[in-house]
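Undergrad: First, the structure itself, so that you have it in front of you.
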Amino acid sequence: MNEGKSLDSILENLTVYGSLTGQTKKAEEVSRIYRTKLENIKEKISKKPLNKKGAFLFSTSPMMVFNSESLPGQIFEILGIENISKGLPGGRPIVSPEYLIAQNPDLLVGSMAISNKDDILNSNPFVKQTKAAKNGSILIVDSNKILRATPRVIDALEDLYAELSDVK
């Protein structure tokens, strides 16, 4: 059993939990359904990738982002979003105002204690100078859907893709 730090490991854990609880067949079926769903989502994205640059925010003060190895970072990768945290040290690196301006992300996605877009916009005057702010491309995602290592993360991935497909 592993910690569920990737979509594949989440689905692997599902089958382990199934065998531990005597629900092997049911767990294998649910895992198969979600694997198929994930492959369908990836196929859809490959035909129409987002091709954006963004940050998945953990907090606003200080501004901390999820790195590329995190579950949100992996979701960004599947969606075709270049994570501005790439190359920064740490699991949740702090982003300076200068770095934020230099990266000029197309979108900002908030989660955890960030409850609304204004939390992000008002956290730092430099945020308002980014493409994300100028284009209104700031989103809030329920952390229960995207950060818990359950198959429902795949449902959230699908919803996020649909929402981000309309981002300028």
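The values are calculated or read from the model by the stated rules, or taken from the named source; none is laboratory data. None of the values given here were measured: they were computed from a predicted structure. We place every Cβ from the backbone using ideal geometry, glycine too, and count neighbours over all the protein chains shown.
Undergrad: So Lys47 ticks every box in (1) loosely packed, with under 14 Cβ neighbours inside 10 Å; (2) at pLDDT 95 or above but one. Which box is left unticked?
TA: Exception for Lys47: condition (2).
Undergrad: When you scan segment 53-156 for strands (runs of 3 or more DSSP E) that lie fully inside it, which ones turn up with 1 or more residues that are crowded, with 19+ Cβ neighbours inside 10 Å and assigned by TED's automatic domain parsing to the domain that holds Val30?
TA: Where strands (runs of 3 or more DSSP E) fall fully within segment 53-156, none carries at least 1 residues being crowded, with 19+ Cβ neighbours inside 10 Å and assigned by TED's automatic domain parsing to the domain that holds Val30.
Undergrad: Determine the pairs where a residue that is over 15 Å from Thr150 (Cβ atoms), located within segment 11-32, has a partner that is surrounded by 13 or more Cβ atoms within 10 Å (Cβ to Cβ) with Cβ atoms under 6 Å apart, the partner being 6 or more residues away or on another chain.
TA: Thr24/Gly18; Glu28/Thr15
Undergrad: Pull up segment 33-62, narrow it to residues that are free of Cβ contacts under 8 Å to residues at least 40 places away in the same chain and hydroxyl-bearing (Ser, Thr, Tyr), then point me to the one that is nearest to Pro105 (Cα to Cα).
TA: We begin by selecting, within segment 33-62, every residue free of Cβ contacts under 8 Å to residues at least 40 places away in the same chain; these are 33, 35-36, 39-40, 42-43, 46-47, 49, 51, 62.
Within this subset, residues satisfying the condition of being hydroxyl-bearing (Ser, Thr, Tyr) are 36, 46.
Numbers: Thr36: 31, Ser46: 21 Å.
Restricting to residues being free of Cβ contacts under 8 Å to residues at least 40 places away in the same chain and hydroxyl-bearing (Ser, Thr, Tyr), the top hit is Ser46.
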